[in-house]
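Everything on this sheet refers to the single structure shown next.
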Amino acid sequence: MTHLIRRTLGVALGLTLSLCSLHASAASFTFSGVTDSGPLAGATFSGQFSHADSPDGLPLDGDLPLSSFSLSFNGQTYTLAPDSLAAYAQGQFLGLVHADTTSTDTALRPHVALVPGFTDLSEAHFFYTGAQGDTGFGSYTVTAITPVPEPTLPVLALCGVGVAALAARRRAAPVLMTPTV
């Protein structure tokens, strides 16, 4: 019976520890803005992006590759490019680095670019180039998507202990014989 309890505890502990490392943390955001110049002045754009969060909990610094990206502008959807980045300086988000110049007909699908600020997000800009080389600019804001909280290690450990306790309780109790007179 001791073997069964040890095995059950081992399985419960193994499951508990394996659940703690099932995912890598990701930071997800939405952004939106309005163009303020050029032939498409007043046009809105919006999108979302994600990147890996700081693995060591330290403030982010430098350019991080994006794991997802989408941008809607002028009826077109732009997606992740190989060189799309999130720019940070000492933990402060500066903006996005993204360029899409794949269109052969800029009247239908303008070339777009997102450029980070030098010292903060308020300096970041959205650029587009339309038909006949007309250019326009805009600024954007970014909002963090709040992740759904995940179970922490203590909660998972309690679940593992509960499973082990339940298994120990379910083991068969010894049958006591009473003599008949």
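Quick note: the coordinates plus some simple rules give every number you see, no bench work behind them. This structure is a prediction, so every number in the text was calculated from the model and none was measured. Cβ placement follows ideal geometry from the backbone for every residue including glycine, while neighbour counts extend to all protein chains displayed.
Here are some notes:
- Whole-percent P(r), the range 26-144, all Cα pairs, 5 Å bins from 0: 2, 12, 23, 25, 18, 11, 6, 3, 1, 0.
- Here the Karplus relation 6.51 cos²θ - 1.76 cosθ + 1.60, evaluated at θ = phi - 60°, turns the backbone of the range 98-106 into coupling constants of 7, 9, 10, 10, 7, 5, 9, 10, 5 Hz, with x for every Gly and Pro.
- As a calculated quantity, the FRET efficiency between Thr104 and Asp61 at R0 = 35 Å, using C-beta atoms, amounts to about 0.40.
- In this structure the amide hydrogen of Leu80, modeled in the peptide plane, comes within under 5 Å of the amide hydrogens of Phe69, none closer than 5 places in sequence on its chain.
- Amide H within-cut-off set for Ala124, under 5 Å, with H built and near neighbours excluded: Gly117
- In this simple spin-label model, placing a label point 7 Å from the Cα along the Cα-to-Cβ direction at both Gln90 and Thr30 gives a separation of 3.2 nm.
- Amide hydrogen neighbours beyond the local backbone of Ala43, cut-off 5 Å, H modeled: Thr35
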